[in-house]
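Chemist: I have a structure here, written as structure tokens, and I will follow up with some questions on it.
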């Protein structure tokens, strides 16, 4: 079942930007790998997936919603989250809704497959692969902290990934989104 593997390196790398005790939404949460990670960091978690089996695997983690977000209504209308996490999922009509679900001061951490993946495996259909620059364009209303678009060898896949914040109203001082320090 999707979501039983270790948390994404991208999510682990950037989750420190999430304010302590925030609400965190995991879109297409699968069996809850990121829900578990975020909960262990002290965040209140909400997960949504269309699979009843996946939601059952997340029992006890937080607010769980079984919904087909591609065919039905967005179950979080009017809600905003301190973090929105999306991995290995793309439904273009929802991109503005997902970005709009990031609260002021909140963080979007998104990673999914990109054009080129059809040469190395699945997904291979164009509707499930981001075009060059598509994810960064979808985040036009957010401040991009990190963005990557390229090939990862293990396992072989083409990805786009972004970490972006919805900045708070200006206070006179520049926002400080500390970048992780690479090990020497």
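Chemist: Of all DSSP beta bridges in the chain, what percent run antiparallel (nearest 5)?
Modeler: In the chain, DSSP labels about 45 percent of beta bridges as antiparallel.
Chemist: Normalized C-alpha radius of gyration of the chain, against 2.2 N^0.38 Å?
Modeler: The value comes to 0.99.
Chemist: Here's something else I'd like to know. Along Cα→Cβ, 7 Å out, is where each label goes; now give me the distance between the ones at residue 151 and residue 118 in nm to one decimal.
Modeler: 1.7
Chemist: Further, regarding this structure: Given the DSSP H assignment, sum -39500 (n - 2.57) over each helix run of at least 4 residues in the chain and divide by its residue total; what's the result at 222 nm in deg cm²/dmol, nearest 500?
Modeler: The per-residue figure over the chain is -4000 deg cm²/dmol.
Chemist: Also, I was wondering about something else. Sorted by average packing, counted as other Cβ atoms within 10 angstrom per residue and highest first, what order do 132-145, 101-114, 33-46 take?
Modeler: 101-114, 33-46, 132-145
Chemist: While we're on this one: Relative contact order, percent, of the chain when contacts are C-alpha pairs under 8 Å separated by at least 6 residues?
Modeler: Relative CO of the chain lands at 18 percent.
Chemist: What whole number of Å gives the distance from the Cα centroid of region 66-139 to the Cα centroid of region 1-49?
Modeler: Centre-to-centre (Cα) distance: 15 Å.
Each value in this text was obtained by applying a stated rule to the coordinates, not by laboratory testing. All values derive from a computational prediction rather than experimental measurement. Note that we place each Cβ from the backbone using ideal geometry, even for glycine, and neighbour counts take in every protein chain shown.
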